[in-house]
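Notes follow the structure.
The values are calculated or read from the model by the stated rules, or taken from the named source; none is laboratory data. Model, not experiment: these values are computed from the prediction. Virtual Cβ from ideal backbone geometry, glycine too; neighbours counted across all protein chains shown. We work out accessible area using only protein heavy atoms, side chains counted, and drop any ligands, DNA or RNA first. Shrake-Rupley method; radii C 1.70, N 1.55, O 1.52, S 1.80 Å.
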Amino acid sequence: MRIARALPLAVLALAGCPKQEAPAGPQPILFGHVGSMTGNEATFGDSTDKGIRLAVDEQNKRGGVKGRPLAVKTLDDQGKPEEAAVAATRLLTEDKATVLLGEVASSRSLAMAPIADLDKVPMVSPSSTNPRVTKDGAVTRPYVFRVCFIDPFQGTVMAKYARDTMKVSKVAILRDVGNDYSVGLADYFAAKFKELGGTIVADQSYKAGDQDFKAQLTAIKGKHPEAIYVPGYYTEVALIARQTRELGMQQPLMGGDGWDSSKLYEIAKGALDGSAFSNHYSHENPSPVIQDFVKAYQARYGSVPDGLAAAGYDAARIAIDAIQRAPEVSGPAIRDALAATKGFQGVTGVITIDADHNAVKPAVVLKIQDNAAHYATTINP
Amino acid sequence: MRAPGLALRSLLPFLLGLPALLALQGSLSDFWASVLITAGVNVILAVSLNVVNGFTGQFSIGHAGFMAVGAYTAAKITLAAAGWAPAGLPPRLADGAVFLLALLAGMVTAALAGLLVGMPSLRLRGDYLAIVTLGFNEIIRVIIENTAFLGRATGLSGLPRRTTFAWAWMGVIATVVMARRLLGSTHGRALLAIREDEVAAEAMGVDTTGYKVKAFVVSSAFAGLAGGLLVHLIQLCTPRTFTFVKSIEVVVMVVLGGLGSVTGSAVAAFGLTLALEGLREVQEYRMVAYSLLLIVLMLTRPTGLFGTREAWDWLPRLPWRRRPEEGA
């Protein structure tokens, strides 16, 4: 029993160790990052955080911004919207963060956005693709930006790819009804695909956490589609892919950036060969900007950066760029600089911020061969 | 002689609480206000669930479902009333009135949902009730996720920020007063009798199902209040907030504080919220530390922090204070 009593203390002592050392000299400019470091989507928060820290450390090696070093503070939200709201409030009011970075999932960014507006601190979301994150009804949120494209664009990209490159005309949709991202992508894909002359032969749904998809897949099989659009997250997508093959269906699957995780290939074990998904970037893109980033990331973390790491890197770099251009380090000044971003050369493409604070930039389509994603094409807005 | 005294006992906490809360509110930073509001919401949830799980001895794990019903009702009302400004009323007062109305409506719909679920399922006992309530929780969430009117999986965004520290803690006072007054009443005694021995209670003429349903309805209403308060803090109403994980969190708070102890569940809910916030700094180890805390507490105090006792049971007996005879 004595050991049992001492355990939490020991854990707390251990956990308390990795504290950031305070840099000497001028007061650092603090980037507050809210991410899902634990929970179902832990790889999303982890990748984004690595990208952000890489960008910040590179800038610090170049002497920081306006003579001041940069610092990052990351708070976990466990993948829950209400936790994201409290974490954002804490970063902005207690830690006085200059810029708020996050979140990956739109439902969490939606909980953070009103807080950024309230405290007049610019927020940059690396990869929340739901339109409502930056635009609440008819009003653009003044302090909220993103460096990724939005769901309508991602859905239409895959519709174009399916019609123009894959030359398919009959597609089935399998969407995660519990996930706004998946529902959004599926709706925009269906609209564009029909506009381009294709037909949606089946529209089935599942819920995140499901293990068995045979019922939906059997229903889809009966309609004989040429491809299946599954805009979900990686865990379910990989399981769906395997069960598709187990049912003897050979159709390729298509999806969005929610597929982007090394876990996808670990679980799918080759079942996704021939499938394709839209993403923010490809690490195989020969452009020197991307190759330099991939090399730096690999040197530091020992793994190939995924799209979310690239988006996190770009979010931090756009914020750094805006602070450099802003006449002073204050919320409104940085916001104005962010809104004026034009032709910024990011890893995920050349980014221009439009009137609704969305990034206008190309999307890449990745094709899976031999259980790994390979760059297929770039589709411009 | 008794009636005015009783009314005073119920009203006094509100009359003393409001000015104190308003005074405290002015000195709180935004961050502390939002942490304390979250803590307050959790206290409301834990104390109201204690009415079913602690007083009545039933096992419900669908509290988040009722929260969702109250939250969506309140959110729909404040959204519909956005921009509505009656002539002759200062806007702050009008907003407050709309919010109060929305919260009350949320409580009513949550209570109706409680009645709907309670009527058939409270004839069941133990594990069976747990499964039914869990099922209800999921049904509510799935219905919301498939209803366009409720914003599907994205939920309702753009809610006004209405929940302040004073609002949340007035809700806490209301919940605690309700629980304490209930426990001292005929109803409360009947609930305790059901918890101690359902067969014996029935043999003594207690309408067991009737009392259980009533307790369930009251508990659901306050879960609805907590839901309404929470979504007007985070300004977003999404089904992701009301998963069964949330229900389990509330059950943990109740068990940790002591089944049947109002102050116990309030202290546990408050303490756990603050502990989780404090542990946020340690990132990945946060949930490990939290889980270890729970395990150690359960090993060392299996009846929960307070057992079935209340905080003031440990106070020395003051000459002017009569200790009410507790049945438990």
I need every pair where a residue in the range B:20-37 that is at the interface with chain A (Cβ under 10 Å from one of its Cβ atoms) has its Cβ under 9 Å from the Cβ of a residue that is among the aromatic types (F, W, Y), sequence separation at least 6 or different chains.
B:W32/B:F165; B:A33/B:F165; B:S34/B:F165; B:I37/B:F165; B:I37/B:W167; B:I37/B:W169
Residue check: is A:I228 open to solvent by less than 20 Å² (accessible area, probe 1.4 Å) and either part of a helix (DSSP H, G or I) or at positive phi (or both)?
no
Quick test of your reading of the structure: A:Y375 fulfils all but one of (1) over 19 Å from the mean Cα position of the chain (by Cα); (2) within 22 Å of A:V289 (Cβ to Cβ); (3) not assigned by TED's automatic domain parsing to the domain that holds A:D57. Name the failing condition by number.
(1)
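Every residue, every condition in (1) under 30 Å from B:A148 (Cβ atoms); (2) buried (at least 18 other Cβ atoms within 10 Å of the Cβ); (3) modelled with pLDDT under 90, yes or no:
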site: B:L15; (1), (2), (3): no, no, yes
site: B:L28; (1), (2), (3): no, no, yes
site: B:A39; (1), (2), (3): no, yes, no
site: B:G83; (1), (2), (3): yes, no, yes
site: B:G88; (1), (2), (3): no, no, yes
What helices (runs of 4 or more DSSP H) completely inside the range B:1-81 contain at least 1 residues that are within 12 Å of the chain's Cα centre (by Cα) and more than 22 Å from B:I234 (Cα to Cα)?
B:30-50
Here is a list of conditions, (1) open to solvent by 30 Å² or more (accessible area, probe 1.4 Å); (2) within 14 Å of another protein chain (Cβ to nearest Cβ), and A:K66 meets all of them except one; can you say which number that is?
(2)
What are the pairs, 6+ residues apart or on separate chains, where a residue within the range B:79-108 that is farther than 27 Å from B:V218 by Cβ has its Cβ under 9 Å from a residue that is among the basic types (K, R)?
B:D95/B:R162
Just checking, how many residues over the range A:206-215 are open to solvent by 50 Å² or more (accessible area, probe 1.4 Å) and farther than 17 Å from B:T243 by Cβ?
4
By residue number, the members of the range A:175-199 that are in a loop (DSSP other than H, G, I, E, B) and within 14 Å of chain B (Cβ to nearest Cβ) are A:V177, A:G178, A:N179
Considering only residues that are surrounded by 16 or more Cβ atoms within 10 Å (Cβ to Cβ) and within 10 Å of chain A (Cβ to nearest Cβ), which ones fall in the range B:157-179?
B:S157, B:G158, B:L159, B:P160
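Listed here are the residues, each with its yes/no results for (1) more than 10 Å from every other protein chain (Cβ to nearest Cβ); (2) open to solvent by less than 10 Å² (accessible area, probe 1.4 Å); (3) among the basic types (K, R); (4) out of contact with any strand residue (DSSP E or B) (no Cβ under 8 Å at 6 or more places or on another chain).
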{"residue": "A:R62", "(1), (2), (3), (4)": "yes, no, yes, yes"}
{"residue": "A:E103", "(1), (2), (3), (4)": "yes, yes, no, no"}
{"residue": "A:A113", "(1), (2), (3), (4)": "no, yes, no, no"}
{"residue": "A:L118", "(1), (2), (3), (4)": "no, no, no, yes"}
Checking A:V364 against (1) touching a residue at least 40 places away in the same chain (Cβ under 8 Å); (2) in a loop (DSSP other than H, G, I, E, B), which single condition isn't satisfied?
(2)
Kindly indicate whether any position in the range B:181-203 is within 13 Å of another protein chain (Cβ to nearest Cβ) and open to solvent by less than 30 Å² (accessible area, probe 1.4 Å).
no
In the set A:A333, A:A326, A:A319, which member is within 17 Å of the chain's Cα centre (by Cα) and open to solvent by less than 40 Å² (accessible area, probe 1.4 Å)?
A:A319
Test for A:E94: is it of a type in the set (D, E), over 16 Å from the mean Cα position of the chain (by Cα) and buried (at least 24 other Cβ atoms within 10 Å of the Cβ):
no
Filtering the range B:230-255 for residues that are more than 9 Å from chain A (Cβ to nearest Cβ), touching a Lys or Arg at 6+ places or on another chain (Cβ under 9 Å) and open to solvent by less than 10 Å² (accessible area, probe 1.4 Å) leaves a count of 3
Can you find a residue that is open to solvent by 20 Å² or more (accessible area, probe 1.4 Å) and either without any contact (Cβ under 8 Å) to a residue 40 or more places away in the chain or among the hydrophobic types (A, V, I, L, M, F, W, C) (or both) anywhere in the range B:43-52?
no
If you scan the range A:296-316, which residues turn out to be open to solvent by 10 Å² or more (accessible area, probe 1.4 Å) and of a type outside the set (G, A, S)?
A:Q298, A:R300, A:Y301, A:V304, A:D306, A:Y313
Complete set of residues in the range A:367-380 that are open to solvent by 10 Å² or more (accessible area, probe 1.4 Å) and among the hydrophobic types (A, V, I, L, M, F, W, C):
A:A372, A:A373, A:A376, A:I379
Does B:T273 meet the test of being in contact (Cβ under 8 Å) with a residue 12 or more places away in the chain, buried (at least 20 other Cβ atoms within 10 Å of the Cβ), within 30 Å of A:T43 (Cβ to Cβ) and under 21 Å from the mean Cα position of the chain (by Cα)?
yes
Here is a check on your reading of the model: is A:D187 of a type in the set (D, E) and open to solvent by less than 10 Å² (accessible area, probe 1.4 Å)?
no
On the given criteria, is A:S107 buried (at least 24 other Cβ atoms within 10 Å of the Cβ) and not in a loop (DSSP other than H, G, I, E, B)?
yes
The residue from A:A315, A:A333 that alone is of a type in the set (G, A, S), in contact (Cβ under 8 Å) with a residue 24 or more places away in the chain and part of a helix (DSSP H, G or I) is A:A315
Is it true that A:V177 is β-branched (V, I, T), modelled with pLDDT of 90 or more and buried (at least 18 other Cβ atoms within 10 Å of the Cβ)?
no
Sort out which residues of the range A:338-350 are closer than 19 Å to A:V99 by Cα and open to solvent by less than 10 Å² (accessible area, probe 1.4 Å), and write them in order of number.
A:L338, A:T341, A:G346
Selection within the range A:123-162 - closer than 19 Å to A:R317 by Cα and among the charged types (D, E, K, R)
A:R146
Residues in the range A:71-91 that are facing chain B (nearest Cβ under 7 Å), open to solvent by 10 Å² or more (accessible area, probe 1.4 Å) and of a type in the set (D, E) total 1
What about A:A238, is it open to solvent by less than 10 Å² (accessible area, probe 1.4 Å) and in contact with a Cys (Cβ under 6 Å, 6 or more places away or on another chain)?
no
Only residues that are open to solvent by 60 Å² or more (accessible area, probe 1.4 Å) and more than 14 Å from chain B (Cβ to nearest Cβ): list them for the range A:134-174, please.
A:K160, A:R163, A:D164, A:T165, A:K167, A:K170
Counted residues, the range B:276-290 - those being hydroxyl-bearing (S, T, Y) and open to solvent by 30 Å² or more (accessible area, probe 1.4 Å)
1
